[in-house]
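Input: a single structure, listed below in structure tokens.
The values are calculated or read from the model by the stated rules, or taken from the named source; none is laboratory data. Quick caveat: nothing in here was measured; it's all calculated off a predicted structure. Because the Cβ atoms are built from the backbone with ideal geometry, glycine has one as well, and the counts that use them run over all protein chains shown. Just the protein is used for accessible areas: all its heavy atoms, side chains included, with ligands, DNA and RNA removed. Shrake-Rupley method; radii C 1.70, N 1.55, O 1.52, S 1.80 Å.
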Amino acid sequence: QQQQQQQQQQQHIEKKSHSLSHASAQIMSKAFAGLKAVHELRFHLCQTSKHSEGARNFLLKSYEKLKAASPTTPVLIREAHGVEPKLFARYDFGEERSVALNGMSEKEIEKAVNSLLK
């Protein structure tokens, strides 16, 4: 009977965990809601430089949110030694806009991404 109670508790925990992860995925996808209007997001950054640190950290923490917002939109990461960090967004008819990310924090980069999604 004790083993059965433990199994029931485990099932209850798993159900709660699944519903929490589903809810958090919905919240994450709202963070970059305008992403569906963009054909491509492209990040250029350096793997080691200090001025690309915010971009690297942003991508490590927010890549999944970006993909949850629009799984079919390509999010490209181009790394090259010494390159200045920059974000490009490509729209209809090949139109591109870009934002320099040099020395920005993760929060500032999130704002920059959202500004390109409007």
- Item | Residue in region 90-115 that is surrounded by the fewest Cβ atoms within 10 Å (Cβ to Cβ), counting only those that are within 19 Å of Ser70 (Cβ to Cβ) and within 14 Å of the chain's Cα centre (by Cα) | Lys111
- Scanning region 68-118 residue by residue, those polar (S, T, N, Q) and not in a helix (DSSP H, G or I) turn out to be Ser70, Thr72, Thr73, Ser98, Asn102, Ser105
- So His81, is it open to solvent by 70 Å² or more (accessible area, probe 1.4 Å) and at pLDDT 90 or above: yes
- Note on the structure: Those residues of region 43-58 which are buried (at least 19 other Cβ atoms within 10 Å of the Cβ) and either assigned to a helix (DSSP H, G or I) or in contact (Cβ under 8 Å) with a residue 60 or more places away in the chain (or both) amount to Ser52, Gly54, Ala55, Arg56, Phe58
- Note on the structure: Taking region 87-115 and keeping residues among the aliphatic types (A, V, I, L, M) and touching a residue at least 60 places away in the same chain (Cβ under 8 Å) leaves Val113
